[in-house]
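Here the structure is laid out as structure tokens; the discussion comes afterwards.
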Amino acid sequence: MKQIILPLLITTLTLQAHDIWIDDAQKIIYGHIKESSEDSHAKNRVIEKSELLSFTCQKLSSHAKNCDSIFVELKPAYYTKTPYGTKNTPKNETAMALSSHLSHESVKRIDTQEGLKPHKKGLELTLENSLDSLRMGDKLRVVVLEEGNPKAGVTVAYDDKSIGISDENGHVNIKIRHAGLQMIRASYTQKSDGVKCDEIIYSTTLNITVHE
């Protein structure tokens, strides 16, 4: 069966209505970043190791004490809508299923210039900028990759607002709106066979820190 790749609208990008990010302590946080603080994650929760498919720490610089970049893949999960809410089960195992999708999700944090090197795992974001000189108001050249190769036709959002679709080189330009942790997300969908799910959604988030 031929798979059809469709660009996503912002409504699909925010379908799961959450953020995912890696904090300074290398914890993976799931929830809403605007509700977090330095002392408490409020309504957010830490994703446990049992929920992860992989956790990769790249140490590429000889002087690095911590990871130059971290790439985390969550275990694929089914989400099936019913008249009584959303179930974490495949469509064919859910009573009164209305629609269903399979989620493949990842998050990456880059802390050093060396960390810009791709991990080459699934859908991934990196940059063509120098991290050391980035400031609020600067433009980012984001690169969308899949298995390390440029990926065209992927919708990219910045702080939950759609800002464009990647070109044939995987490029999308973003203007930095604020200092601190940046949330850049890319996502696309594929039609499925309708048995276990109707669609497969691939999404990834990139975190970098921008100084004032």
Where the centre of each part is set by its Cα atoms, how far does the stretch 185-212 sit from the stretch 92-110, in angstrom? 10 Å
Among ASN207, SER187, ILE174, flag the residue with its Cα farthest along the positive direction of the charge dipole of the stretch 132-212, charges on Cβ as +1 for Lys/Arg and -1 for Asp/Glu. ILE174
Virtual spin-label span in nm between TYR84 and LYS27, 7 Å along Cα→Cβ: 3.4 nm
Length gained if VAL46 through HIS18 is fully extended, taking 0.36 nm per residue and subtracting the Cα-Cα distance, is 8.8 nm
Using a 4.7 Å Cβ cut-off, which Cys residues in the chain lack a partner cysteine? CYS197
Report the FRET efficiency, 1/(1 + (r/R0)^6), for SER54 and SER133, where r is their Cβ-Cβ distance and R0 is 41 Å, rounded to 0.05. 0.85
Restricting things to alpha carbons, find the Rg to Rh ratio for the chain using the Kirkwood radius for Rh. 0.97
Of HIS119, HIS18, HIS104, the one that fluctuates the most in a GNM where the chain has Cα springs shorter than 10 Å: HIS18
If you put +1 on each Lys and Arg Cβ and -1 on each Asp and Glu Cβ, how big is the dipole of the stretch 18-142 around its Cα centre, in Debye rounded to 20? 380 debye
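Which order do the peptides 48-54, 97-103 come out in when sorted by mean C-beta neighbours inside 10 angstrom, highest first?
Ranking, from highest mean packing down: 97-103, 48-54.
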Given LYS91/LYS139; LYS139/LYS196; LYS87/LYS175; LYS87/LYS121; LYS49/LYS196; LYS65/LYS121, the pairs whose alpha carbons are separated by over 32 Å: LYS91/LYS139; LYS139/LYS196; LYS87/LYS175
Starting with the highest mean, order 121-131, 199-209 by the number of other Cβ atoms within 10 Å, averaged over the residues of each peptide. 199-209, 121-131
Rounded to the nearest 20 Debye, what is the dipole magnitude of the stretch 158-212 about its Cα centre when Lys and Arg each give +1 and Asp and Glu each give -1 at the C-beta? 120 debye
Return an integer: the convex hull volume of the alpha-carbon atoms of the stretch 20-132, in Å³ per residue. 143 Å³
Given labels modelled 7 Å from the Cα in the Cβ direction, how far is it in nm from ASN169 to LYS75? 4.1 nm
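Since every read-out is calculated from the coordinates, none of them should be taken as a lab result. All of these numbers come straight from a predicted model, not from anything done at the bench. Because the Cβ atoms are built from the backbone with ideal geometry, glycine has one as well, and the counts that use them run over all protein chains shown.
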